[in-house]
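The values are calculated or read from the model by the stated rules, or taken from the named source; none is laboratory data. Remember, it's a predicted structure, so these values are computed and weren't measured experimentally. Positions of Cβ are backbone-derived with ideal geometry, glycine not excepted, and every protein chain shown enters the neighbour counts.
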Amino acid sequence: MEVCAARAPGKIILAGEHAVVHGSAAVAAAIDLYTRCSLRLLPLADDEAGAAALELDLRDPGLTFSWPCARLREALLTEEAAGPREARPCSLDQLASIARLLEEHEIPEAKIWLSAGLSAFLFLYTSILGCRPGKVTVSSDLPMGSGLGSSAAFCVSMSGALLTAAGVVAAVGGISGEGTGWELVGKDDLELVNRWAFQGEKIIHGKPSGIDNAVSTFGSMIKFKKGELTNLKSSNPVKMLITDTRVGRNTKALVAGVSERASRHSDAMAAVFNAVNSISEEVSSIVELAANDEIAITSKEEKLAELMEMNQGLLQCMGVSHSSIETVLRTTLKFNLVSKLTGAGGGGCVLTLIPTLLSNLVLEKVIAELESHSFRCFKVEVGGQGLQVCQGGCSCFNGDFV
Ligand SMILES: Nc1ncnc2c1ncn2[C@@H]1O[C@H](COP(=O)(O)OP(=O)(O)OP(=O)(O)O)[C@@H](O)[C@H]1O
Ligand SMILES: C[C@@](O)(CCO)CC(=O)[O-]
Ligand SMILES: [Mg+2]
């Protein structure tokens, strides 16, 4: 039985969400919260006997799904599969067949938002591996639908595991110091994973810019504009506190709402997107500035804070703020800290810039006050690794995740 696993990080967007969908630059960074996906390919003999199935175990919502391979073949493999080496979009016919397959499962009404992820899963699995029997398990540190790129981390880790199982993506070496067995992937393989993950994101988001899957695949801190990615080298890592307002929202609907506003007020919104572009360009130059002394670091942080504040104002213009986000802004401002929403907004997560000189005592007070509103705070490392994989027999996977 072949076993492999992949993990992909979530992300924060420092500047430029939404405007990036309309061609502006944006700046994003990977965070050390991961989605892990493991895959066990089951013997083909079961398939010949007609007993084979594709199973999916989603640990976080605590749901499992199973599709007989014969049923998948009948419903989905009408088109000639082009193989895993070339990422291709999900056709409207394929999407409709996937929707019919999902209707055969009773997804609880309270978890109906999962159908987008399930559709992306069925598309990626059957496109990359065909209708082979297998068992896929997914677990995540990321809150789902909160702006930290859970959909992208899901599609990237899934594509990474499936392409590794298909034998077209391979590990190139260990990650020093971690000792967990996760290994890095070469540049060309990452490009392929990213292209497949983007096709999965399109099913979940409708019209993604591609920034979330790119930063989850390649890691680090990046500037992203019209599909072009620039790696940003930062000598002083930016420290951010993330607050999850726990207000659920859906990126697809928020992105569509901004596009509708842009078609109603095209000149005004073009000016907003243009202003965001300038902010992102400035943020990317500031994070790359080498700062060697306390004064230089403080002035760098002040500039970053001002740009974040300006970006938040423009996100309000786009109509994607929310009363819960405004509560986080007011709470952190009491401590002279600047915050902005991150990801699609409408609830979800908010970033607060943590200046290097802020004492732990004050930080703990900020967190306590935010948590008194029933928000949840995360302290994260910013700008780490992207996709990592683990091939059969490693310590990352032994029926469960480490
Ligand atoms: N671990 C997971 N298991 C199953 N489905 C998932 C998982 N993570 C994400 N999804 C799918 O992605 C959807 C959330 O995607 P959405 O783009 O709305 O939010 P996000 O990616 O967390 O935030 P943002 O796009 O603003 O960064 C979920 O509703 C679900 O369909
Ligand atoms: C809102 C958005 O800009 C970022 C979501 O993390 C959507 C996208 O770029 O695909
Ligand atoms: Mg998303």
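Are any residues in region 378-392 surrounded by 19 or more Cβ atoms within 10 Å (Cβ to Cβ) and not polar (S, T, N, Q), and if so, which ones?
PHE378, VAL380, VAL382, GLY383, GLY386, LEU387, VAL389, CYS390
Which of the residues that make up region 3-33 are of a type in the set (Gly, Ala, Ser) and more than 10 Å from the chain's Cα centre (by Cα)? First the steps, then the outcome.
Narrowing region 3-33 to residues of a type in the set (Gly, Ala, Ser): 5-6, 8, 10, 15-16, 19, 23-26, 28-30.
Matches in region 3-33: ALA5, ALA6, ALA15, GLY16, ALA19, GLY23, SER24, ALA25, ALA26, ALA28, ALA29.
Among the numbered criteria (1) in contact (Cβ under 8 Å) with a residue 12 or more places away in the chain; (2) away from ligand 3 (no atom under 16 Å from the Cβ), which one does GLY343 miss?
Against the list (1) in contact (Cβ under 8 Å) with a residue 12 or more places away in the chain; (2) away from ligand 3 (no atom under 16 Å from the Cβ), GLY343 comes up short only on (2).
To keep it simple, each residue is scored yes or no on (1) within 28 Å of ASP244 (Cβ to Cβ); (2) in contact with a Gly (Cβ under 8 Å, 6 or more places away or on another chain); (3) among the small types (Gly, Ala, Ser).
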site	(1), (2), (3)
GLU74	no, no, no
ARG85	no, no, no
ILE107	yes, no, no
LEU124	yes, yes, no
ASP141	yes, yes, no
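Yes or no: region 174-193 includes at least one residue that is at pLDDT 95 or above, under 14 Å from the mean Cα position of the chain (by Cα) and not basic (Lys, Arg).
Among the residues of region 174-193, at least one is at pLDDT 95 or above, under 14 Å from the mean Cα position of the chain (by Cα) and not basic (Lys, Arg), which makes the answer yes.
Which of (1) surrounded by 15 or more Cβ atoms within 10 Å (Cβ to Cβ); (2) within 16 Å of ligand 1 (Cβ to nearest atom) is the odd one out, the single condition GLY248 does not satisfy?
(1)
Specify which of the listed residues (THR356, THR331, THR327) is under 24 Å from LEU33 (Cβ atoms), in contact (Cβ under 8 Å) with a residue 24 or more places away in the chain, hydroxyl-bearing (Ser, Thr, Tyr) and part of a loop (DSSP other than H, G, I, E, B).
Step by step, each of THR356, THR331, THR327 is checked, and only THR356 is under 24 Å from LEU33 (Cβ atoms), in contact (Cβ under 8 Å) with a residue 24 or more places away in the chain, hydroxyl-bearing (Ser, Thr, Tyr) and part of a loop (DSSP other than H, G, I, E, B).
Among (1) modelled with pLDDT of 95 or more; (2) part of a loop (DSSP other than H, G, I, E, B), there is one condition VAL27 misses while meeting the rest; what is its number?
Only one criterion in (1) modelled with pLDDT of 95 or more; (2) part of a loop (DSSP other than H, G, I, E, B) is unmet by VAL27, namely (2).
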